[in-house]
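The values are calculated or read from the model by the stated rules, or taken from the named source; none is laboratory data. This one's a predicted model, so the numbers in the text were calculated from it and none came from an experiment. A quick note on method: Cβ atoms are made from the backbone with ideal geometry, for glycine too, and the neighbour counts reach across all protein chains shown. Note: areas computed on protein heavy atoms with side chains; ligands, DNA, RNA excluded. Shrake-Rupley method; radii C 1.70, N 1.55, O 1.52, S 1.80 Å.
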Amino acid sequence: MFEMIGGLLAFSFYEGLVFGLIAVGMYLTFRMINFPDLGVEGSFPFGGAVVAVLIVKGWNPFIATIAAAFAGSLVGVATSMLNTKLRIPALLCGIIMIVSLWSINLRVMGNRANISLLREETIFHKIADLVGISYGRIEVDILVALVLAVITFFVLNWFLCTQIGLALRATGDNEQMVRGLGSDTEMNIVIGCSIANGLVALAGAVICQAQGFSDVGMGIGILVMGLASVILGDAIFRPKGVTSMLLAATAGAFVYRLFITVALRMGMPPGDLKLITGLLVTIALVIPFIRKKIRHEWVPPASRLF
Amino acid sequence: MGDTANKNVLQLRDVKKIFSHGTIDEVTALNGINLTVQEQDFISIIGSNGAGKSTMLNVIAGVFPPERGGKVIIDGDDVTNLPEYRHSAYTGRVWQEPQVGTASKMTIEENLAMAYLRGKKRGLKAASNKELRALFREALKQLGLGLEDRLNAPVGTLSGGQRQSLSLVMATISKPAILLLDEHIATLDPKTAQTVLKLSKMIIDKEKMTTMMVTHNMEIALRFGNRLVMMHRGKVIVDIGEERKNTLTINDLVNAFEQASGEKFDDDSVLLSHR
């Protein structure tokens, strides 16, 4: 019994840390710079495609992973430039990028729908060798995910409190003011989107190596999953300030993966998981509303965007 | 001061602005403005709705450029076609609505840290630190609103008057060449409006700011500043210096308006408004 619960928690912890990268990226775009970037659904498989191709080519898996994250950040630059330079509404920019990236991902993978990494050496092999745990154990997965999550947390926690990082956050709060105070809001949005998509592509590269293959369809559902994590993190932890926001996003991803894993272990058919996601998000969004209703507070009509 | 006392801080040369060019809705908001602002001028700008006051401030702040041929020169630099975020190295601005000038989800400290870097290059240094916090506290203390003890409060929790006072500090803390006050007390209740107006005067005097203040209220326009500019249909129709301004009454202003514009003065709201 305890072993099973321990296994469940360990697995959700690992998944929460990796998907937490996506949640943090989406927190950055959706909540901090106020740029609802749907393009993550394309940059996630893009990261996977890039890392798979490079590893098959014989690149060191660490360098291939970093390259995938960098490639993903270029996707973010493209998405945000559609908005800032060509004045296309943000939601449409994301949709344009999702469609386009489907074809690009196929091209990157040499017109194949998937690439196997089963006979290649990945960062998981490298780390397993390095610390002397046998490859395939959950401890290795957790270690890899933990290292990435901790580095991401500290770097972003520092960056968002620098002069540039502050301007970035302020852009999401009051664009007019930020321009009036001499910071280029378009540049801020481009920087924010590139970081977010870099993180999402990094997650894609890690997941792809963990599962042993890259697939053109592996991005499907990532957007909803990331949003669910952001919304759960917001609802449960109600973060204020940079540090708590970053932690809430990761914790939200953990809670979300825990629900999904438990549901699966309880014997729910995988086809029902999307319904569970839908219910979870609805509940998380409605709780604050009900709380206010009970206190007879006035609740404004919901935003028609995000 | 000496030789710098008469330095030209701002020059507008033949500034025109036409909106919805070539359509049925075409509006000439500015119709050839020529204006020179000297160092430490405090200009009150009045005019009825649609006279072009806010459009002129928008051109000075770089929100949009004037039509071709017009020039905006600040501190000797031609800034006509610079984007807004580079104009702001020269101009500090307080808007009509408190929520435009401040970021509500961020703290007072974060707002001031943003404002402090106006016109400076932003890098990867920490946005705030101990010395800056001391500086911010000092700047807030002079407002006498107790904000210096609430550096970590989100600005959204402040009242309109407090936010507008914070906007004032944010507009002046980096000492820009010109301070633009765009009907900055129009949305406040009369008592708060007087407080913010007094604070404005105090900061302008202390920092020796060159200021342009748009107002709807003739009494305030007469009471504050060393120069009065009246606009009508996109033009400057009256420009009065300090000596004459001090002897003027509201009636004189109305007469001056009718003489200069050749129209009857019928904007009751200007006379009745006490804000």
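The criterion of being of a type in the set (Ser, Thr, Tyr), open to solvent by less than 70 Å² (accessible area, probe 1.4 Å) and in contact with a Lys or Arg (Cβ under 9 Å, 6 or more places away or on another chain) does not hold for B:SER54. Confirm whether B:THR36 is away from every other protein chain (no Cβ under 14 Å), in contact (Cβ under 8 Å) with a residue 12 or more places away in the chain and polar (S, T, N, Q). Yes, satisfied.
Which residue, of B:ILE74, B:ILE108, is of a type outside the set (Asp, Glu), out of contact with any Lys or Arg (no Cβ under 9 Å at 6 or more places or on another chain) and touching a residue at least 24 places away in the same chain (Cβ under 8 Å)? Exactly one of B:ILE74, B:ILE108 is of a type outside the set (Asp, Glu), out of contact with any Lys or Arg (no Cβ under 9 Å at 6 or more places or on another chain) and touching a residue at least 24 places away in the same chain (Cβ under 8 Å), namely B:ILE74.
I'm checking my understanding of the structure. Among residues of the stretch B:77-91 that are in contact with a strand residue (DSSP E or B) (Cβ under 8 Å, 6 or more places away or on another chain) and more than 14 Å from chain A (Cβ to nearest Cβ), which one is least open to solvent (accessible area, probe 1.4 Å)? That would be B:THR80. Restricted to the stretch B:105-160, and to residues there that are under 24 Å from A:VAL155 (Cβ atoms) and of a type in the set (Asp, Glu), the residue that is nearest to the other protein chains (Cβ to nearest Cβ) is B:GLU110. Restricting to the stretch A:108-122, name every residue that is open to solvent by 70 Å² or more (accessible area, probe 1.4 Å) and in a loop (DSSP other than H, G, I, E, B). Residues satisfying the conditions are A:ASN111, A:ARG112, A:LEU118, A:ARG119, A:GLU121.
Being surrounded by fewer than 24 Cβ atoms within 10 Å (Cβ to Cβ), within 25 Å of B:GLU138 (Cα to Cα) and either away from chain A (no Cβ under 13 Å) or free of Cβ contacts under 8 Å to residues at least 12 places away in the same chain (or both) narrows it down to one residue among B:VAL100, B:VAL27; which is it? Sole residue among the options that is surrounded by fewer than 24 Cβ atoms within 10 Å (Cβ to Cβ), within 25 Å of B:GLU138 (Cα to Cα) and either away from chain A (no Cβ under 13 Å) or free of Cβ contacts under 8 Å to residues at least 12 places away in the same chain (or both): B:VAL100. Is it fair to say B:GLY62 is touching a residue at least 40 places away in the same chain (Cβ under 8 Å) and either at the interface with chain A (Cβ under 10 Å from one of its Cβ atoms) or open to solvent by less than 10 Å² (accessible area, probe 1.4 Å) (or both)? No; evaluated as a whole, the condition is false for this residue. Highlighted here are the helices (runs of 4 or more DSSP H) found entirely within the stretch A:1-107 that include at least 1 residues which are at pLDDT below 95 and open to solvent by 20 Å² or more (accessible area, probe 1.4 Å): A:2-26. Look at the stretch A:120-135: where a residue is without any contact (Cβ under 8 Å) to a residue 12 or more places away in the chain and a partner is open to solvent by less than 70 Å² (accessible area, probe 1.4 Å), sitting 6+ places away or on another chain with Cβ atoms under 7 Å, you get A:ILE133/A:VAL140; A:SER134/A:ALA128; A:TYR135/A:PHE124; A:TYR135/A:HIS125; A:TYR135/A:ALA128. Within the stretch A:190-211, the residues that satisfy the criterion of being closer than 17 Å to A:GLU15 by Cβ and open to solvent by less than 10 Å² (accessible area, probe 1.4 Å) are A:VAL200, A:ALA203, A:GLY204, A:ALA205, A:VAL206, A:CYS208, A:GLN209.
For residues in the stretch A:150-183 being open to solvent by 40 Å² or more (accessible area, probe 1.4 Å), at the interface with chain B (Cβ under 7 Å from one of its Cβ atoms) and not hydrophobic (A, V, I, L, M, F, W, C), which is nearest to B:ARG118 (Cα to Cα)? If we take residues in the stretch A:150-183 being open to solvent by 40 Å² or more (accessible area, probe 1.4 Å), at the interface with chain B (Cβ under 7 Å from one of its Cβ atoms) and not hydrophobic (A, V, I, L, M, F, W, C), then A:ARG179 is nearest to B:ARG118 (Cα to Cα).
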